[in-house]
């Protein structure tokens with residue numbers, strides 16, 4: 001396992017070794033290492049383990065959860081046992097059933113420990129905060145970073161920029177056509193059709209799909225909802241697009257960064273900056289081969305900025321920071337990172353930097369950030385920035 005996954009494994013191992021207090025939830029996008037992490041940890045726990053996966057959502061229900069739970073109870077001795085339910089979000093009404101069974105065990109003082117795996121938005125936003133408040137802890141796994149892909153698969157920087165952070169698809173880069181089909185079919189289509197459309201109310205599924213494609217095509221650009229609707233040839237409204245962007249972000253695909261304005265209310269109402277959360281989503285749909293993409297300076301520059309943005313956005317998804325952009329008239333800062341009261345302004349240059357950075361200067365005058373960073377173009381090398389955790393760059 002790569003370093004971030006190993007760190008989360010250590011955290012999970014420590015939690016499972018404690019007296020039964022909370023159920024553990026492992027949340028994150030597809031192919032972020034959730035199942036690998038849990039199997040690695042529970043295999044070394046020394047406890048009886050029952051691992052069950054809800055692979056066929058049409059055949060699963062609350063009764064299936066109860067059956068798995070009862071089977072795990074039978075294996076619970078004085079030291080306890082572990083129940084792992086994978087893909088829990090696929091089961092209608094899962095949270096109410098889990099709450100009932102968990103509370104039964106609490107009253108009976110059973111030492112059964114529970115681990116739930118599933119997609120982040122559907123687990124966290126629905127059942128956890130509504131039915132299971134006060135009963136769970138979450139470990140969030142984002143997409144794999146450059147450092148992790150380099151350690152696990154020997155990726156160079158240019159390979160990471162193009163092929164992104166999907167560990168399951170990494171061995172296929174020697175067959176570019178097969179790699180692109182795997183990203184399109186096994187990741188993009190599966191995530192949209194099974195993690196979003198089947199499990200969330202989406203009145204305009206075709207619009208959501210086109211919005212995802214638009215987000216990949218314009219990643220790194222600030223685009224108003226009105227312009228998006230014009231590009232999408234749809235007579236929808238901004239509220240619908242904002243909701244769909246939230247769904248895509250929760251699924252680990254495309255986010256809409258908000259403008260930093262010093263106040264959360266103003267930020268939420270701003271024009272979004274589109275940001276892919278894994279650059280493979282851009283390249284797999286671009287129609288460009290690796291060498292062709294490298295030769296296209298404009299596309300490679302957008303890919304570089306998107307990789308930096310994805311690195312920051314994935315850190316934000318784990319709760320390490322908040323991520324914004326900033327623009328005032330013709331002055332812009334690519335990324336603004338807030339961690340507690342500390343603010344870091346980040347500008348990305350994929351070619352040689354200009355001597356002056358008017359966007360950074362204007363932002364610094366208005367908001368007094370604790371740190372200003374230029375990534376690429378004579379500043380911090382892109383490879384170095386991506387190789388270190390975001391916390392390294394934003395600490396003061």
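The values are calculated or read from the model by the stated rules, or taken from the named source; none is laboratory data. Treat the numbers as computed from the prediction; the structure is a model and nothing was measured. Virtual Cβ from ideal backbone geometry, glycine too; neighbours counted across all protein chains shown.
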So, residue 333, is that one closer than 17 Å to residue 270 by Cβ and either modelled with pLDDT of 95 or more or surrounded by 22 or more Cβ atoms within 10 Å (Cβ to Cβ) (or both) or not?
yes
Name every residue in the range 277-291 that is outside any loop (DSSP other than H, G, I, E, B) and in contact with a helix residue (DSSP H, G or I) (Cβ under 9 Å, 6 or more places away or on another chain), in order of residue number.
280, 281, 282, 283, 284, 285, 286, 290
Is it the case that the range 175-189 has a residue that's assigned to a loop (DSSP other than H, G, I, E, B) and touching a helix residue (DSSP H, G or I) at 6+ places or on another chain (Cβ under 7 Å)?
no
Matching option when the condition is on the phi > 0 side of the Ramachandran plot and in contact with a strand residue (DSSP E or B) (Cβ under 9 Å, 6 or more places away or on another chain), among 154, 87, 93, 134:
87
What about residue 307, is it at pLDDT 90 or above, in contact with a helix residue (DSSP H, G or I) (Cβ under 6 Å, 6 or more places away or on another chain) and within 30 Å of residue 173 (Cβ to Cβ)?
yes
Restricting to the range 18-45, what's the tally of residues that are part of a loop (DSSP other than H, G, I, E, B) and in contact (Cβ under 8 Å) with a residue 12 or more places away in the chain?
10
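For every residue, the table says whether it meets (1) exposed (fewer than 14 other Cβ atoms within 10 Å of the Cβ); (2) within 30 Å of residue 156 (Cα to Cα); (3) touching a strand residue (DSSP E or B) at 6+ places or on another chain (Cβ under 6 Å).
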{"position": "337", "(1), (2), (3)": "no, yes, yes"}
{"position": "343", "(1), (2), (3)": "no, no, no"}
{"position": "358", "(1), (2), (3)": "yes, no, yes"}
{"position": "374", "(1), (2), (3)": "no, yes, yes"}
{"position": "383", "(1), (2), (3)": "no, yes, no"}
Of 283, 279, 200, 239, the only residue that is assigned by TED's automatic domain parsing to the domain that holds residue 157 and without any contact (Cβ under 8 Å) to a residue 12 or more places away in the chain is 239
Note on residue 210: of the conditions (1) free of Cβ contacts under 8 Å to residues at least 40 places away in the same chain; (2) part of a loop (DSSP other than H, G, I, E, B); (3) within 17 Å of residue 282 (Cβ to Cβ), unmet is (2)
Any residue that is within 21 Å of residue 318 (Cβ to Cβ), in contact with a helix residue (DSSP H, G or I) (Cβ under 9 Å, 6 or more places away or on another chain) and not in a helix (DSSP H, G or I) - is there at least one of those in the range 221-242?
no
Do any helices (runs of 4 or more DSSP H) entirely within the range 71-168 hold 3 or more residues that are under 19 Å from the mean Cα position of the chain (by Cα) and modelled with pLDDT of 90 or more, and if so, which?
146-153, 157-163
At pLDDT 90 or above and either surrounded by 15 or more Cβ atoms within 10 Å (Cβ to Cβ) or at negative phi (or both): does that describe residue 26?
no
Please verify whether the range 58-76 includes one or more residues that are touching a residue at least 60 places away in the same chain (Cβ under 8 Å) and either closer than 26 Å to residue 250 by Cβ or surrounded by fewer than 20 Cβ atoms within 10 Å (Cβ to Cβ) (or both).
no
